[in-house]
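Below is one structure, written out as structure tokens, with a few remarks after it.
The values are calculated or read from the model by the stated rules, or taken from the named source; none is laboratory data. Because the structure is a prediction, the values reported are computed rather than measured. All Cβ positions, even for glycine, are placed from backbone atoms using ideal geometry, and neighbour counts span all protein chains on display.
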Amino acid sequence: MTQIYSFPPIEPENARILILGSMPGVASLKAQQYYAHPRNAFWPIMGELFGAHPELPYHERVEILKAEGIAVWDVLESCVRVGSLDASIDSSSLRVNDFSSFFRRHPQIRHVFFNGAKAEQSFRRHALPELRLDYLSYTRLPSTSPAHAAMSFDSKLNNWSKALLR
């Protein structure tokens, strides 16, 4: 099995929010873009909330999020995983991103939003114990992954909207 690696963060200087996934899926790794799977709801949601519509070129969507003060990253720096499902991540292989350095660069971030349960679980288990950041609040949002098909797009949008637009 091959170790796979996530991307550098989208990190505007004025970041006030961090959205964390677990590890990019196969389509995202191939495209070298966050949330590149055409059925992933992330960019449609960002389009509805901030105008970062999936029809726009990727670099324009990234710039829109940066202008909104939204950082995007993954909890895992690398892992072994077959396919795209979080459930397929070999837990003995994972390495966590350097959140200490990230939060030192972005002291104005006050809220971390997890894109699904695996991102939250991985962060709380493998990253949070090393951090001393009492000022942060954490919220798990419904996964935008197409694998989380039990929830409708409208329900996902409603949950994300309530969290990010407060």
Residue hits (the stretch 26-59; among the small types (Gly, Ala, Ser) and either touching an Asp or Glu at 6+ places or on another chain (Cβ under 9 Å) or surrounded by fewer than 21 Cβ atoms within 10 Å (Cβ to Cβ) (or both)) are Ala27, Ala31, Ala36, Gly47, Gly51, Ala52
When you go through Ser91, Ser100, Ser22 one by one, which is the residue that is over 17 Å from Leu164 (Cβ atoms), of a type in the set (Ser, Thr, Tyr), surrounded by fewer than 18 Cβ atoms within 10 Å (Cβ to Cβ) and in contact with an Asp or Glu (Cβ under 9 Å, 6 or more places away or on another chain)?
-> Ser100
The stretch 47-75, subset among the β-branched types (Val, Ile, Thr) and in contact (Cβ under 8 Å) with a residue 40 or more places away in the chain, residue farthest from Gln32 (Cα to Cα) | Ile70
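Okay, residues lined up against (1) farther than 16 Å from Trp43 by Cα; (2) among the hydrophobic types (A, V, I, L, M, F, W, C); (3) assigned to a helix (DSSP H, G or I); (4) within 17 Å of the chain's Cα centre (by Cα):
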site: Arg104; (1), (2), (3), (4): yes, no, yes, no
site: Phe113; (1), (2), (3), (4): no, yes, no, yes
site: Ala127; (1), (2), (3), (4): yes, yes, yes, yes
site: Ser143; (1), (2), (3), (4): no, no, no, yes
site: His148; (1), (2), (3), (4): no, no, no, yes
site: Asn159; (1), (2), (3), (4): no, no, yes, yes
Can you name every residue in the stretch 22-65 that is modelled with pLDDT under 95 and touching a strand residue (DSSP E or B) at 6+ places or on another chain (Cβ under 8 Å)?
-> Ser22, Met23, Pro24, Leu29
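From the list Ser78, Ser92, exactly one residue is farther than 25 Å from His37 by Cβ, at pLDDT below 90 and assigned to a strand (DSSP E or B). Which is it?
Details: Ser78 fails: farther than 25 Å from His37 by Cβ.
None of the other options fit; the residue is Ser92.
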Out of (1) assigned to a helix (DSSP H, G or I); (2) over 16 Å from the mean Cα position of the chain (by Cα), the one Met46 does not meet is (2)
Taking the stated definitions as given, is Ile70 modelled with pLDDT of 95 or more and out of contact with any strand residue (DSSP E or B) (no Cβ under 6 Å at 6 or more places or on another chain)?
-> no
